[in-house]
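Here's the structure we're looking at; comments come further down.
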Amino acid sequence: MSINQNIIEKIVKIFLWIFTIITIFILFYIVGFILKNGIGGLSKEFFMEFPKSMGREGGIFPIIIGTILLTLAAVFIAGPLGIGTAVYLTEYTRENRITQMIRFGADCLAGIPSIVFGLFGFVLFVIKLKMGWSIISGGLTLSIMILPTIIRTSEEAIKAVPKPLREVSYSLGGTKWQTIVFIVIPQALPGILTGIILSIGRCVGETAAVIFTAGSSLRLPNSLFDSVRTMSVHFYILSREGISLKNAYATASVLIISIGMINFLSYWIMHRFIRRIEGK
Amino acid sequence: MGRSMCLPIIGEPVRMAQGEHMGSPLRGNIMDIRMQIKDLSLWYGQFHALKNINMEIAENRITALIGPSGCGKSTLLRTLNRMNDIIDGVKISGRIFLDNKDIYQENIGLTELRKKIGMVFQHPNPFPLSIYENLTYGLRIHNIGEKSIWDEKIEKCLRDAWLWDDVKDKLHSSALDLSLDQKQKLCIARLIIIEPEVILMDEPCSTLDPIATMKIEELMNTLKKDYTIVIVTHNMQQAARVSDYSGFLLLGELIEFDDTNNIFTAPRDKRTEDYITGRFG
C-alpha cells in the first residue's frame, strides 16, 4: 500500500468519525434539550392529576390514559390482521404476482405520510361511518398506518423459522395449520412482538393521524366512542396555542421516556429471539 | 452388463423377467411385504430424478438404500411418506402401496399416512422446545390419549429409544441442550411415541461420531422387531452392518436390489461391484 493510500485511509476514517459524532450529538442534543426543559415539570401530580384550564395547570392523567387506549385499540385491530396476512403470504402462497402486489401495497402504505391517513380516517370513520372523533376512529386509522410494519416484521420472523422444523412437523403427520399454530408462530413470536412494539412506538408518537380522528378531548373517555387526546397532540396544542411551554416540555419528556422504554423493550425481546434462533 | 440389469422403461413381460433377478429378493415370502414400489418415476421440473423404480419393503426388516450422492436415494425415501409433495415442481408417476393400498390415491389421508410412515432426518432436528414438549407434539396433533397416560407413553418411548436414563430428570429442559446423538435418539423417540408402522431414516448417522453411530445402529437393530425400517446411507459399511436388504441406486436407477449379503459378497451388476469395492462414489 502506498503512502498516498494510507493518507486516504486516515482521512476517510476521520470523516466517518466526524459524521458519527454529529449524528450522536444531534440525537443527544434534542433529547437533552427536551428533558432539560421538561424534567423539572415532572412530578407525581403531573402523572396523576387532570389538566386544569386547558392544560395550563394540573397534570396529564387522562392524556396518558387516552394515549394508552388509542394505542391498544390500534394494536388489537392491526395485530391479528397483520399477523394473519403475514402467515398467508409466507405459508399459504408461493411467490407470484399477487403476493408481490400485496407486498408492494404494504410498502406503499408504509410510505404514506401520516397526515394523509388522518384525513382518510377523518373522511371515512369520523364522517362517513359516523363514528365521530373517538378512540375507535383513531384506533382504526392508526391500525391502517401500522399494518405494513406488522406485516413485514411478522413475515421476516416467520421466514426465519428454520424449514426443517416445518418438515418434521409434516413428517409426524401435522397439518399445515397445526404446524403454523404449534411450531411456526411460537418460534416467530419474539420477532412478531418486536414488530408490534415498534408499531406501539409509532402510535404513541403519532400526532397528525390522531388529531383528525380521535379529537382532543381532555376528559377521561367512558367508551370507545369518546374522544381522547394523546400526549403528542397535547404537546402540539400546548405549544402551538402558547398555553404552557413548561407543561408542553414536561409532556414531551414523558413521551420521549416512554418511547425510549418501548424501544429498549423491543431490543431486549429481539436479543432473546436471536439467542433462541441460535439455539441457546 | 447383463440383460436383466437393464431397467425396462415399460413393458410387463420384461419387468417380470427382471423381477426374478433383482426386483424381488423377497419372492417366496410374499406375506412379509409391507410396501411395494411399482414403476416409480419422479421429475424435479425437467430433471428425471427417479427412473422406473420397482422394489419391495419387507416387514420388520431393515432395507438400505445405497449409492453415491445425488443418485436419488433420499428422493426415493421421501416418496414413501409423500414428503416430496411439499416441494414445488415435483411430478411423480407410478404407484406405491402400503399394505396393498396405493398411498398416492387422491383420497388418502396425508396426515394419517405420515403417522403410519414416520421419518428420521439426516440432521438431528428436535423442536426448540423442552424434551417433554417435543415428545407430546405428536400426541397433541393426533389427539392421542388423555394427558394422564402421556407420562407413561413418554417413559416407554424414551426407554425404547435408549434415552430414558439420560433425560428422566430433565424432561422439561430444552431439547437443544442434548448432545447430537441424544438429539437423534429424541427424534426417534418423538416418532415412535405416535406408534408408526414404518420408519424412514435419511442418513440418520451422518452427523454423528463413530461411537454415537454405533449406538444408533444397535438401536435400529432392536427397533426392527417392532417396526419396518428403510434407511438411506452413503456409508456402505453401515448398510452392510445393519440392513437385511439393500438397493443400489445410480443416477436415479435402481441398479440392483437384493439380500444385503448378496449385494456385498456377490453383486450381479458390474456397477454395484465397482461402487461397493470403492472404485467410485
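Reported to two decimal places, what Rg/Rh ratio describes the protein assembly as shown when computed on Cα atoms with Rh from the Kirkwood expression?
On the way: Rg = 32.4 Å, Rh = 28.4 Å.
Rounded to two decimals, Rg over Rh is 1.14.
Using Cα atoms only, what is the angle between the long axis of helix B:131-141 and the major principal axis of chain B, expressed in degrees (0 to 90) to the nearest 10?
70
Quick check on the exposure proxy: order A:T251, B:T79, B:T207 from fewest to most C-beta atoms within 10 angstrom. Numbers along the way, then the final one.
Details: A:T251 32, B:T79 25, B:T207 15.
So the residues, fewest neighbours to most, are B:T207, B:T79, A:T251.
Along the range A:104-109, what does the Karplus equation 6.51 cos²θ - 1.76 cosθ + 1.60 (θ = phi - 60°) give for ³J(HN,Hα), rounded to whole Hz, x for Gly and Pro?
Those phi angles translate into 4, x, 5, 5, 4, 4 Hz.
Select from the range B:74-164 those GluC sites (Glu not before Pro) which occupy a DSSP coil region and have at most 15 other Cβ atoms within 10 Å, ordered by residue number.
For GluC sites (Glu not before Pro) across the range B:74-164 that sit outside H, G, I, E and B with at most 15 neighbouring Cβ atoms in 10 Å, the list reads B:E106, B:E146.
Count the lysine pairs in the range A:42-278 whose Cα atoms lie under 23 Å apart, taking only pairs 8 or more positions apart in sequence or on different chains. Can you show the working numbers first?
Values: A:K44/A:K52; A:K44/A:K246; A:K52/A:K246; A:K159/A:K176; A:K163/A:K176.
Total qualifying Lys-Lys pairs in the range A:42-278 comes to 5.
Using the Cβ atoms and a cut-off under 14 Å, what net charge is assigned to the surroundings of B:V167, where Lys and Arg are +1 and Asp and Glu are -1? Numbers along the way, then the final one.
Numbers: positive: B:K156, B:R159, B:K168, B:K170, B:K183, B:K185, B:R190; negative: B:E133, B:D151, B:E155, B:D160, B:D165, B:D166, B:D169, B:D177, B:D181.
Its environment carries a net charge of -2.
Identify the GluC sites (Glu not before Pro) of the range A:26-119 meeting these criteria: DSSP loop state and at most 12 other C-beta atoms within 10 Å of the C-beta. Walk me through the intermediate numbers first.
Details: sites: A:E45, A:E49, A:E57, A:E91, A:E95; in loops: A:E49, A:E95.
Of the GluC sites (Glu not before Pro), the ones in loops of the range A:26-119 whose Cβ has at most 12 other Cβ atoms within 10 Å are A:E95.
Please give me the summed charge of the neighbours of A:E57: other residues whose Cβ is under 13 Å from its Cβ, Lys and Arg +1, Asp and Glu -1. Don't jump to the answer; show the numbers that get you there.
On the way: positive: A:K52, A:R56, A:K246; negative: A:E45, A:E49.
Taking every other residue near A:E57 into account, the sum is +1.
Of all DSSP beta bridges in the protein assembly as shown, what percent run antiparallel (nearest 5)?
Values: 27 of 44 bridges.
Bridges in the protein assembly as shown that DSSP calls antiparallel: roughly 60 percent.
Report, ordered by chain and residue number, the lysines lying within cross-link reach of B:K170, taken as a straight Cα distance under 17 Å and ignoring same-chain residues fewer than 8 apart.
Output for B:K170: A:K280, B:K153, B:K156, B:K183, B:K185.
Determine the sum of side-chain charges near B:I216: Lys and Arg each +1, Asp and Glu each -1, restricted to other residues whose C-beta is under 12 angstrom from that of B:I216.
Working: positive: B:K183, B:K185, B:K215, B:R241; negative: B:D181, B:E203, B:D209, B:E217, B:E218.
So the environment of B:I216 carries a net charge of -1.
Mind giving me the FRET efficiency for A:E57 and A:L265? R0 is 41 Å, r the Cβ-Cβ distance, nearest 0.05 is fine.
Values: r = 33 Å, r/R0 = 0.79.
With R0 = 41 Å, the Cβ-Cβ based efficiency is 0.80.
Among B:M55, B:M214, what is the fewest-to-most ranking by other Cβ atoms within 10 Å?
Working: B:M55 23, B:M214 15.
Lowest count first: B:M214, B:M55.
Charges at C-beta only: +1 for Lys and Arg, -1 for Asp and Glu. How large is the resulting dipole of the range A:65-187 about its Cα centre, in Debye rounded to 20?
Values: 10 positive and 6 negative charges, 42 e Å.
It comes to approximately 200 debye.
How many Cβ atoms of partner chains, on average, are near each residue of B:113-125 if near means within 10 Å of its Cβ? Can you show the working numbers first?
On the way: counts 1, 6, 4, 1, 2, 3, 5, 2, 4, 1, 1, 1, 6.
Mean partner-chain Cβ count within 10 Å for B:113-125: 3.
Near B:K38, which lysines are there with a Cα under 19 Å away, not counting those fewer than 8 places off in the same chain?
Partners within reach: B:K51, B:K73, B:K91, B:K101.
Rounded to the nearest 20 Debye, what is the dipole magnitude of the protein assembly as shown about its Cα centre when Lys and Arg each give +1 and Asp and Glu each give -1 at the C-beta?
Numbers: 59 positive and 53 negative charges, 375 e Å.
Computed charge dipole of the protein assembly as shown: roughly 1800 debye.
To make sure I understand, if each residue's beta carbon is the centre and we count other beta carbons within 10 Å, what order do B:K115, B:K101, B:K156, B:K224 fall in, fewest to most?
Least crowded to most crowded, the residues run B:K101, B:K156, B:K224, B:K115.
Read-outs throughout are calculated quantities, based only on the coordinates presented, and are distinct from any laboratory measurement. Predicted, not measured: the structure shown is a model, and the values here were computed from it. Note that we place each Cβ from the backbone using ideal geometry, even for glycine, and neighbour counts take in every protein chain shown.
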